[in-house]
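The values are calculated or read from the model by the stated rules, or taken from the named source; none is laboratory data. On a predicted model such as this, the values are computed, not experimentally measured, just so you know. So basically every Cβ, Gly included, is an ideal-geometry build from the backbone, and we count neighbours across all protein chains shown. Surface areas here come from the heavy atoms of the whole protein model, side chains and all, with no ligands, DNA or RNA. Shrake-Rupley method; radii C 1.70, N 1.55, O 1.52, S 1.80 Å.
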Amino acid sequence: MTDDLITMVTTDHRELRRLFDMMKTDKSSRPLALPLAVAMLEAHSEAEEDRVYPAVASEAGEKEEAEHAAEEHHEAESLGKHLLEMDWESEEFDRALEEWVGAVVHHIEEEENEILPALSEAVDSDRLRELGMQFATRRSRKLTGQPLKAVGGGRDTEPGQGTEGETRAELYEKARELGVEGRSSMSKDELAQKVSEAESGHTD
């Protein structure tokens, strides 16, 4: 029940929506709610890309959907971090907040209407619980063991993962720029290896 992947992901979605509504209706909540929402979205996204989307691609046969969802994560994370640098009382912030919320809500709806149902149909309840525990562990590690990239440079503490302290999101962006195929299905370790290989083959 509570350890089921679908339940965990949708619970996160509800909490993000609650924080969005709070920031829209009560501007004084923004200094506290915004960093929380940005950190929560980043941890949620990394946990999905590391543990859930590879299963969506391989077990549910939804590789293109997983790739598209990972791209949306990256866009939403970028918009959220931009908000952290803005004056939360300004009209510019209001417009940027609307854009960010719109991007995240669009992603949430696609995920709940397409990706999660496809995965639920493809795997049994035991597998959903297993994925749920993997998702929760990865998400918790990100939230409790790592500062926001916007502040601390995004050092990840997982042993043997990544290169030079880079997060999975940073490695994913490098892989995208280098045209690495199948990047949404890769673990952080695999991304680091492929990025390293691709960069060694580039001379510019």
Which residues, counting only those in region 1-57, are within 20 Å of residue 100 (Cβ to Cβ), without any contact (Cβ under 8 Å) to a residue 12 or more places away in the chain and loosely packed, with under 15 Cβ neighbours inside 10 Å?
14, 18, 21, 25, 26, 28, 32
Name the residues in region 122-149 that are at pLDDT below 70, over 19 Å from residue 72 (Cβ atoms) and surrounded by 15 or more Cβ atoms within 10 Å (Cβ to Cβ), would you?
146, 148
Sort through 69, 57, 47, 37 and tell me the only one that's part of a helix (DSSP H, G or I), more than 16 Å from residue 116 (Cβ to Cβ) and not charged (D, E, K, R).
37
May I ask you to say which residue of 152, 162 is at pLDDT below 85, open to solvent by 20 Å² or more (accessible area, probe 1.4 Å) and touching an Asp or Glu at 6+ places or on another chain (Cβ under 6 Å)?
162
Working only within region 72-85, note down all residues that are of a type in the set (D, E, K, R), open to solvent by 60 Å² or more (accessible area, probe 1.4 Å) and under 18 Å from residue 183 (Cβ atoms).
75
Working only within region 76-92, note down all residues that are part of a loop (DSSP other than H, G, I, E, B), charged (D, E, K, R) and either within 20 Å of residue 25 (Cα to Cα) or touching a Pro at 6+ places or on another chain (Cβ under 7 Å) (or both).
87, 89
